[in-house]
Amino acid sequence: GEMHYAQCIAGMAFTNALLGITHSLAHKTGAAFTTGHVPHGCANAMYLPHTIECNAHDARAHKRYAEVADYLGLGGNTEDEKVQNLINRSESSKVNS
């Protein structure tokens, strides 16, 4: 039941925001392997740290990623450190999940 609620909330969010490259790549990855399957959530987790790193080259995105890191309490003294901490946390999440 909780998964259904989560999917509904995600669907509502999708109608209010555009999905990014992480999601697009994850769809393609899940469909590309005919001999097996990469679950969509796992594919998203694989691409997320790389997407953050790429998008952070844009000054506005960099600032917003630093704000996300602050919100999550990831530490860091500069925006660069905060963004790197967010990337590191994203990478460790895919291993520990």
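Among all residue pairs at least 6 apart or on different chains, which show Cβ distances below 6 Å where the first residue, located in the stretch 46-61, is more than 11 Å from Asn88 (Cα to Cα) and the second is β-branched (Val, Ile, Thr) and surrounded by fewer than 18 Cβ atoms within 10 Å (Cβ to Cβ)?
Filtered contacts from the stretch 46-61: Thr51/Ile21.
Condition check ((1) open to solvent by 50 Å² or more (accessible area, probe 1.4 Å); (2) modelled with pLDDT of 95 or more; (3) closer than 19 Å to Gly20 by Cα) across all residues:
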site: Tyr65; (1), (2), (3): no, yes, yes
site: Gly73; (1), (2), (3): yes, yes, no
site: Glu81; (1), (2), (3): yes, yes, no
site: Asn96; (1), (2), (3): yes, no, no
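The values are calculated or read from the model by the stated rules, or taken from the named source; none is laboratory data. Just so you know, these numbers come straight off a predicted model, no measurement behind them. Quick reminder, even Gly has a Cβ in these numbers, built from the backbone with ideal geometry, and neighbours come from all protein chains shown. These accessible areas exclude ligands, DNA and RNA; they are computed on the full protein's heavy atoms, side chains included. Shrake-Rupley method; radii C 1.70, N 1.55, O 1.52, S 1.80 Å.
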